[in-house]
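Below is one structure, written out as structure tokens; the observations come after it.
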Amino acid sequence: MVSMADKADILRRLENNEFSEAQCKKILKTPPNDPHYPECNQAKACYARYNEFFRCEKFMGHGSIKCFWLKQEFKSRCPSEWIERWDEQRAGGVFPGPL
């Protein structure tokens, strides 16, 4: 288990862009179940993390390392077919989310 001090140090280093993307992949593993979504169906968490990632990139800039963990979250929770369909909808300007 990672201590709160270690988590705070990792977040500080992420904010200061002190990690490469490869290092982030080692740090950020598949997330555990989110207690906000205790049911087995993770569709709500998937959709929320997808929207949060693109909102983060909108404000922090495309490719921001600060948003990388959100990308890991939605990619581990969402079926690839959903992601592809949502990406097509975003590109076409018809995505129903709050982006």
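The values are calculated or read from the model by the stated rules, or taken from the named source; none is laboratory data. Fair warning: this is a prediction, and the values are worked out from it, not measured in the lab. Every residue, glycine among them, receives a Cβ derived from its backbone with ideal geometry; neighbour counts consider all protein chains shown. Each accessible area value is taken on the protein alone, full model and side chains, heavy atoms only, with ligands, DNA and RNA left out. Shrake-Rupley method; radii C 1.70, N 1.55, O 1.52, S 1.80 Å.
Can you pull out every residue in the range 90-99 that is of a type outside the set (A, V, I, L, M, F, W, C) and not in a helix (DSSP H, G or I)?
Initial filter on the range 90-99 (of a type outside the set (A, V, I, L, M, F, W, C)): 90, 92-93, 96-98.
Listed by number, the residues that qualify are Gly93, Pro96, Gly97, Pro98.
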Within the set of pairs 6 or more residues apart or between chains, which connect a residue that is under 18 Å from Glu52 (Cβ atoms) and part of a helix (DSSP H, G or I) inside the range 73-89 to a residue that is at pLDDT below 90 and open to solvent by 60 Å² or more (accessible area, probe 1.4 Å) with Cβ atoms less than 6 Å apart? Ser76/Thr30
Of all residues in the range 53-91, count the ones that are among the aromatic types (Phe, Trp, Tyr) and either in contact with a Gly (Cβ under 8 Å, 6 or more places away or on another chain) or open to solvent by 30 Å² or more (accessible area, probe 1.4 Å) (or both). 5
